[in-house]
Amino acid sequence: MKTKPLTIGIIGTGFGKTIGLNFKAVEPDIKIYYSGRNKEKLENCVKEVGADGVFPTWQDLVKDPNIDLV
């Protein structure tokens, strides 16, 4: 039986990008969502990591019941 992939939220695109890349290297099926202040950096980070989406604010990311880990 296959389990649901882990869904994580990452706040920030600096070190957060490295964290996302590391998670994807270990578990490619993991779902990653980002939140960040700089829209351009956020878009580049999402593209480079292969993230599944973004949240407009970190508060929205933290409140989402579908996020397993922040």
Count - residues of region 42-64 that are within 13 Å of residue 11 (Cβ to Cβ) and outside any loop (DSSP other than H, G, I, E, B): 9
Residues of region 25-51 satisfying the condition of being closer than 16 Å to residue 70 by Cα, at pLDDT 95 or above and not β-branched (Val, Ile, Thr): 31, 33, 34, 35, 51
Matching entry among 32, 67, 10 (being surrounded by 12 or more Cβ atoms within 10 Å (Cβ to Cβ), in a loop (DSSP other than H, G, I, E, B) and touching a Gly at 6+ places or on another chain (Cβ under 7 Å)): 67
Search result, residues across region 14-29 that are in a helix (DSSP H, G or I) and free of Cβ contacts under 8 Å to residues at least 24 places away in the same chain: 15, 18, 19, 22, 23, 25, 26
Selection within region 35-64 - aromatic (Phe, Trp, Tyr) and either open to solvent by less than 60 Å² (accessible area, probe 1.4 Å) or within 13 Å of residue 5 (Cβ to Cβ) (or both): 55
Residue match in region 6-21 (condition: touching a helix residue (DSSP H, G or I) at 6+ places or on another chain (Cβ under 9 Å) and of a type in the set (Phe, Trp, Tyr)): no
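The values are calculated or read from the model by the stated rules, or taken from the named source; none is laboratory data. Everything quoted here is computed from the prediction, not taken from an experiment. We place every Cβ from the backbone using ideal geometry, glycine too, and count neighbours over all the protein chains shown. Note: accessible area is taken over every heavy atom of the protein model, side chains too, but ligands, DNA and RNA are not part of it. Shrake-Rupley method; radii C 1.70, N 1.55, O 1.52, S 1.80 Å.
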